[in-house]
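Structure record follows, encoded as structure tokens.
The values are calculated or read from the model by the stated rules, or taken from the named source; none is laboratory data. Please read these numbers as outputs of a predicted model, since none were measured by experiment. Please note: Cβ atoms are built from the backbone with ideal geometry, for glycine as well, and neighbour counts cover all protein chains shown.
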Amino acid sequence: MKNSNNRIRVAIQRKGRLQQASLDLLKNSRINLALREGELYCCSDNFPLDVLQVRDDDIPTLVAAGICDLGIVGTNVLQEKCLQQININKITILRYLGFADCRLSIAIPENISYQNIASLNQYRIATSYPNILREFSDKNNLAIDITTLAGSVEIAPRIGLADGICDLVATGATLKANQLQEVVTVFQSEAVLIKSASEISAEKAELILDFQYRMGGGL
Ligand code: PRT
Ligand code: ZN
């Protein structure tokens with residue numbers, strides 16, 4: 001059901017790298033939330049805003065459908081979902097939030113010498129981001145054989161499942177621990193505040209503006 005009352009509903013990650021910074025953003029916007037352990041839905045008592053805590057992968061879907069008015073998610077997940085299923089014009093990025101910075105990169109075993117992008121032709125690459133990788137492969141006229149894994153992608157070359165991986169990198173420590181070298185950045189990511197392009201009431205549009213003012217930093 002679309003969120004048609006005059007409270008704004010914000011989807012944030014329930015557990016993981018985006019959760020704390022998302023809650024801090026709301027707190028710093030002076031929005032009280034008395035979240036109890038395990039509670040997935042919480043209504044603020046000092047601003048007409050409700051928070052829904054979900055898997056980050058579900059945030060673009062909920063916002064595109066108008067179930068949530070706003071969401072906080074990484075552009076990596078947003079882009080993957082948009083390429084996969086969601087009509088991109090149903091979601092607007094309201095602002096870049098400057099946290100959860102990372103990059104989606106291709107990495108290959110350290111002991112393989114790398115020349116240039118063309119040497120990735122015919123590579124078998126494991127990733128959790130098949131659509132972003134497919135787009136990169138097509139743009140660069142490569143024939144990459146993509147295997148989709150939900151997690152533990154770094155192990156794929158070692159077990160012979162793939163020649164390389166395409167995964168998120170922040171410090172590079174995980175690649176190093178798995179004897180992999182980063183060779184190409186495919187996508188640069190950070191957390192963003194997204195908004196549903198569904199029709200909303202004038203009152204609700206006003207509330208979203210008010211929320212953005214509370215966040216500070218201008219519109
Ligand atoms: O359960 P749910 O689906 O909600 O969470 P999740 O497990 O899918 O996501 P989570 O919490 O791991 O990450 C949420 C978001 O944080 C990602 O979608 C990115 O937008 C962002 N982010 C920022 C990262 C990283 N940095 C990051 N380093 N997400 C994952 N990583 C992982 C990466 O996959 C690899 O395993 O960390 C490892 C690499 O880190 P370094 O520092 O060793 O390079
Ligand atoms: Zn996820």
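All conditions but one from (1) farther than 30 Å from residue 67 by Cβ; (2) within 13 Å of ligand 1 (Cβ to nearest atom) apply to residue 140; the one that does not is (2). Scanning segment 42-59 for residues that are assigned to a strand (DSSP E or B) and within 16 Å of ligand 1 (Cβ to nearest atom) yields 51, 52, 53, 54. Are there any pairs with C-beta distances below 7 angstrom linking a residue in segment 119-145 that is within 20 Å of residue 82 (Cα to Cα) and acidic (Asp, Glu) to a residue that is modelled with pLDDT under 95 and part of a helix (DSSP H, G or I), with the two at least 6 apart or on different chains, and if so which? Close Cβ pairs satisfying both conditions: 135/83.
As for segment 189-209, it holds at least one residue that is touching a Lys or Arg at 6+ places or on another chain (Cβ under 8 Å), under 23 Å from residue 120 (Cβ atoms) and not acidic (Asp, Glu).
Every test in (1) of a type in the set (Gly, Ala, Ser); (2) more than 12 Å from ligand 1 (Cβ to nearest atom); (3) in contact with a Lys or Arg (Cβ under 9 Å, 6 or more places away or on another chain) is passed by residue 34 save one, and that test is (3).
Which one is modelled with the lowest pLDDT among residues in segment 1-53 that are among the hydrophobic types (A, V, I, L, M, F, W, C) and out of contact with any Leu (no Cβ under 9 Å at 6 or more places or on another chain)? In this case the residue turns out to be 1. Quick one: is residue 110 within 28 Å of residue 176 (Cα to Cα) and either modelled with pLDDT under 95 or more than 21 Å from the chain's Cα centre (by Cα) (or both)? So residue 110 passes the test. Would segment 191-207 turn up any residue that is in a strand (DSSP E or B), in contact with a helix residue (DSSP H, G or I) (Cβ under 6 Å, 6 or more places away or on another chain), of a type outside the set (S, T, N, Q) and touching a residue at least 24 places away in the same chain (Cβ under 8 Å)? Yes, segment 191-207 contains at least one residue that is in a strand (DSSP E or B), in contact with a helix residue (DSSP H, G or I) (Cβ under 6 Å, 6 or more places away or on another chain), of a type outside the set (S, T, N, Q) and touching a residue at least 24 places away in the same chain (Cβ under 8 Å). If you check 10, 63, 73 for being within 16 Å of ligand 2 (Cβ to nearest atom), in a strand (DSSP E or B) and not hydroxyl-bearing (Ser, Thr, Tyr), only one passes: 73. Among residues of segment 97-108 that are in contact (Cβ under 8 Å) with a residue 40 or more places away in the chain, those with a Cβ under 6 angstrom from a residue that is assigned to a loop (DSSP other than H, G, I, E, B) and of a type in the set (A, V, I, L, M), sequence gap 6+ or separate chain, pair up as 100/18; 102/170. Across segment 34-53, which residue is nearest to ligand 2 (Cβ to nearest atom) among those that are crowded, with 18+ Cβ neighbours inside 10 Å and of a type in the set (A, V, I, L, M)? Residue satisfying both the conditions and the ranking: 52. Looking only at residues of segment 146-176 that are touching a residue at least 12 places away in the same chain (Cβ under 8 Å) and assigned to a helix (DSSP H, G or I), we find that the one that is nearest to ligand 2 (Cβ to nearest atom) is 153.
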